[in-house]
Structures are given as structure tokens and as C-alpha cells.
1. What full-extension length gain, to one decimal in nm, is calculated for residue 31 and residue 116 as 0.36 nm per residue of separation minus the Cα-Cα distance?
2. Counting Lys and Arg as +1 and Asp and Glu as -1, what is the net charge of the other residues whose Cβ lies under 14 Å from the Cβ of residue 200?
3. Quick one: net charge of residue 52's neighbours, Cβ under 12 Å, K/R +1, D/E -1?
4. Given labels modelled 7 Å from the Cα in the Cβ direction, how far is it in nm from residue 202 to residue 95?
Amino acid sequence: MKTIKHLLLAAVAVIAFAGSANAQFKFGPRVGINVNSLHFNKDVISSDNRTGFNAGVEAEFTVPVIGVGLDASLMYVRRNNQIKDDDGVTNKHCDYFEIPVNVKWKMNIPVIAKLVKPYIFTGPSFAFLTSKRAINEAIKYKSVDTSWNFGLGLEFISHLQISAYYGLGLNKSIIPIHVPGVNAKAIDGKTHCWTVTAAWLF
């Protein structure tokens, strides 16, 4: 967590120094779909990919010319999971308020820059569980889920942004309640997620 904090502070400092007087600020709605799966380090439990959705708002701060900036969103996220163990199959959804914060670089390519700008981004995401924690009698969701996002996108006519990114889980998404005869460390479920979103920023 200290490393994440230091990276974000360094990014903010560089962007602010580069040209805060000319910075551009945008804000608008954002919606999308996500395909997530729980990854385990043992054969105690397995999980299949499942599709969910997300919706919320995004704010973006960009330094013109160099195209470097930050964006942050507040998203409602529904994740659907199918978990398989010795007791059978459990279909379960979990709801989060998620806050992704990214460093973003927009590429100002001559001739086409006014119509479309490719961009790449990366940064941490913090998801806070709002639904019930228990999955079954043995396992439950953790209340806070953190991940690191790697993504790319296209901005059209300076307003519409279409992006896709991969969220690499950094901590356990699920933890054991009680599993007789099984070491709790064997259940190391981390959420990995592909997400595609569209945002309209004013």
C-alpha cells in the first residue's frame, strides 16, 4: 500500500508541475461490463468466468500538449461468480462501490488528434463490498478488494471514451469461515477481471 501511495503522489506532483495552469478537467457518466473470475492456488475450490456490469461517474484531469493526466471514478459494480467445491456449485453475486485511480497518457497524433486519441492507463482500484459477505458455510467475501489495472482506449471528438482494461487482484477476495481439515492458506481466491467501459466526459 505504501508503494501505491508513493506512485500516486509522484504522478500528481509531476502533472501539477508540468502545467497546472493549463490543465483540462472533465467529468461525466461511465458504464460498462466486466468478466471476472476467482483464481485459487490450490485445487480446493474452482471458479468459472462470469459476466457482470458497472456504472458510475468519472473525473479526468489532463495536461494539454503532453497528454498526461489522472482519472478517478466512483462505480457501482456487480460481479457474478460460480464457485465449485465438494458440496456442489454455488452461483453468487457480490456488489461493490469501486474507486479506480489511473495515470493516463493520451497520444496527440497529428492530423487525427481532433477526431480520435489513443490512450493507455494504469493504476490501483479499491472496491468496497456492499452485499452480504457469506458465500456458503465455509467461505465469505472480504470487505475490501484491491487490484491494479492495465488498460488502453480511444477518445473520440474529445468526449467519448471507450476503454478496456485488465484488473490484477492484489489481495484475497474470499477468505475461509471454517473448512474442517483444510489449511486456511490453501484458499487464496483473488479476483481477476476484464472490463470494457464507455464514458462521456464534458
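Derivation of every value follows stated rules applied to the coordinates shown; laboratory data play no part. All figures in this text were calculated on a predicted structure; none of them were measured in a lab. Every residue, glycine as well, gets a Cβ built from its backbone with ideal geometry; the counts of neighbours run over all protein chains shown.
1. 28.6 nm
2. Details: positive: 26, 30; negative: 58, 60, 71, 155.
Residues near residue 200 contribute -2 overall.
3. Details: positive: 50, 78, 79, 92; negative: 95, 98.
Spelling it out: positives minus negatives among the neighbours equals +2.
4. Roughly 2.7 nm, to one decimal.
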